[in-house]
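The values are calculated or read from the model by the stated rules, or taken from the named source; none is laboratory data. Computed from a predicted structure; not experimentally measured. Backbone-built Cβ (ideal geometry, glycine too); neighbour counts: all protein chains shown.
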Amino acid sequence: MRPIGIFDSGIGGLTVARAVAEALPEHPIFYYGDTAHLPYGEKSPSLIQSYATRITRELIRLGCGSIVVACNSASSNALDAIQAEAGESIPVIDVVCPVVDAVAARFSGGQIGVIGTRATIDSHWYQRLLEVRGFDVVTKPTPLLASAIEEGFHGGEVSDALIAAYFESGEFN
């Protein structure tokens, strides 16, 4: 059985790796956390594409039979390049499309807010996919949040305070 390659710009994607391991325990998993270049969220689309295709090549070299892009910034800025690098025989799963599918399955249009890194928000990928599904999308870059999560501050006082501060500023696009 070929391994599943999972990558993120840091350690945040380990939550995705754990979920994949629980759902598919018979599959070996190779996790690539690109901590040398994190955070991707403040990088240009071309630089994100460069990092992501290099990692994709490495995961293919290691024999991965599928690739999970566990990074919103890479999913929204480099998915086409990753898929081209992987070719038709290696499935590439991103994190954006499943989120959009889940939102559309649960809600039937209306206004929705998207927060994320500057690279994720500036790509307009979530916005385009959600608007096609009938949503009015407002967005807000939250650059400090990804760094806090990478440092282990998620689901607690620090991340809650950051989110509250971003929402209190009231400046959604």
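Assorted remarks:
- Residue within the stretch 141-153 that is closer than 23 Å to residue 97 by Cβ, at pLDDT 85 or above and surrounded by 12 or more Cβ atoms within 10 Å (Cβ to Cβ) present: yes
- The stretch 105-131, residues that are in contact with a helix residue (DSSP H, G or I) (Cβ under 9 Å, 6 or more places away or on another chain) and either of a type in the set (D, E, K, R) or part of a helix (DSSP H, G or I) (or both): 118, 119, 120, 121, 122, 123, 125, 126, 127, 129, 130
- Close contacts from the stretch 135-162, counting a first residue that is closer than 16 Å to residue 122 by Cα and a second that is of a type in the set (Lys, Arg), with Cβ to Cβ under 9 Å and a gap of 6+ residues or different chains, come to 137/128; 141/118; 142/118; 143/118.
- Pairs where the first residue, in the stretch 77-90, is more than 10 Å from residue 49 (Cβ to Cβ) and the second is surrounded by fewer than 17 Cβ atoms within 10 Å (Cβ to Cβ), C-beta under 7 Å, 6+ apart: 90/65
- Unique match (being surrounded by 13 or more Cβ atoms within 10 Å (Cβ to Cβ) and either more than 24 Å from residue 37 (Cβ to Cβ) or touching an Asp or Glu at 6+ places or on another chain (Cβ under 8 Å) (or both)) among 158, 103: 103
- Residues of the stretch 11-30 classified as closer than 17 Å to residue 62 by Cβ and under 14 Å from the mean Cα position of the chain (by Cα), total: 2
- Once the stretch 85-98 is narrowed to residues that are in contact with a helix residue (DSSP H, G or I) (Cβ under 8 Å, 6 or more places away or on another chain) and either at pLDDT below 95 or aliphatic (A, V, I, L, M) (or both), the residue that is farthest from residue 40 (Cα to Cα) is 90.
- From 59, 47, residue being hydrophobic (A, V, I, L, M, F, W, C), buried (at least 19 other Cβ atoms within 10 Å of the Cβ) and farther than 19 Å from residue 142 by Cβ: 59
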